1. Which pairs turn up if I take residues in the stretch 121-146 that are of a type in the set (Asp, Glu) and look for partners that are open to solvent by less than 70 Å² (accessible area, probe 1.4 Å) and not in a strand (DSSP E or B) with beta carbon separation below 7 Å, at least 6 apart in sequence or on another chain?
2. With respect to Ala115, is the statement that it is more than 23 Å from Ser34 (Cβ to Cβ) and either open to solvent by less than 20 Å² (accessible area, probe 1.4 Å) or in a helix (DSSP H, G or I) (or both) true?
3. Would you check which residues across the stretch 147-184 are within 29 Å of Thr205 (Cα to Cα) and of a type in the set (Gly, Ala, Ser) and list them?
4. When you go through (1) free of Cβ contacts under 8 Å to residues at least 40 places away in the same chain; (2) farther than 21 Å from Glu174 by Cα one by one for Arg83, which number turns out not to apply?
5. Could you identify the single residue in Ser152, Ser171 that is open to solvent by 20 Å² or more (accessible area, probe 1.4 Å), touching a His at 6+ places or on another chain (Cβ under 8 Å) and not in a strand (DSSP E or B)?
6. Filter the stretch 60-105 down to the residues that are buried (at least 20 other Cβ atoms within 10 Å of the Cβ) and part of a loop (DSSP other than H, G, I, E, B) and list them by number.
7. Scan (1) without any contact (Cβ under 8 Å) to a residue 24 or more places away in the chain; (2) more than 16 Å from the chain's Cα centre (by Cα); (3) closer than 25 Å to Asn92 by Cα for the single condition Thr167 breaks and write down its number.
8. Whether any residue in the stretch 104-114 is among the charged types (D, E, K, R) and over 22 Å from Pro41 (Cα atoms) is what I want to check.
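The values are calculated or read from the model by the stated rules, or taken from the named source; none is laboratory data. Note that the structure is predicted; figures quoted are calculated from it, not measured. Note that each Cβ is placed from the backbone with ideal geometry, even for glycine, and that neighbours are counted across all protein chains shown. Accessible surface is based on the protein model in full, side chains and every heavy atom, while ligands, DNA and RNA are left aside. Shrake-Rupley method; radii C 1.70, N 1.55, O 1.52, S 1.80 Å.
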Amino acid sequence: MRRIAAQILCLLTLSVPTFSYGQTAPVVVELFSSQGCTSCPPADEFLLELAQQRNIIALGWHVDYWDYIGWKDAFAHPAFTERQKAYARALNQRMIYTPQFIINGAESPKAGRRAEVAALIEKYAHLAPGADLSIRRVGASYDVLLRNAHSSGRYDVQLVSVSPLETVEISRGENAGRRLDYANSVTGWQNLGRWHGLGQTTFETGVLGPGRYAVLVQHQNNGEIVAAKWLN
């Protein structure tokens, strides 16, 4: 099953387009990947290209369920695998797989081709954000200000840290002998709190370590991401 999916999902052969934007929030593109997955490098390369684009928050979540093949992914974490499983439940999918793209927490292209991913990015690039999100630096910390949600509900306000660029030489497993570049590999993930979409609310990040950070405002239980922004 995995190899059949791999043959389909590795067809990422189109050049990356340049997206146009209206008055919108950034589009969040999440890629669930693994250094032990033979079909993942083309998707990882595509994420690297997307990470260079304005108004795209590209996040590489490395899962741990391919580590047994012979190469332990240095970026993988069980919590990232659980995030992918939560998306599967939210999107009524029967299985998880790599590589898998999730766009704005709402849609996952079935075959994962570049053209399909690009079409979904273009779709969400023209939608207005579902809430006003602003960031203010306070010393070594940041204040995250939320207001004007389009609808009330339960939103998880999440802080995600990434390593912008890493090069890994893989010596074992299905990608043995390859030297691969990874963009925005997630290194940390925490909930700053929950917002009910009513009134104005401020969350504090606390003092942050090295790396780049993004804030995601997402409907509870891995629903749609209604607002997102880089902190730095």
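1. Glu122/Phe19
2. yes
3. The answer is Ala149, Ser151, Ser152, Gly153, Ser161, Ser163, Ala183.
4. The failed condition is (1).
5. It is Ser152.
6. Scanning the stretch 60-105 gives Val63, Trp66, Trp71, Asp73, Phe75, Ala76, Tyr97, Thr98, Pro99, Asn104, Gly105.
7. Status for Thr167: all satisfied but (3).
8. Checked the stretch 104-114: no residue is among the charged types (D, E, K, R) and over 22 Å from Pro41 (Cα atoms).
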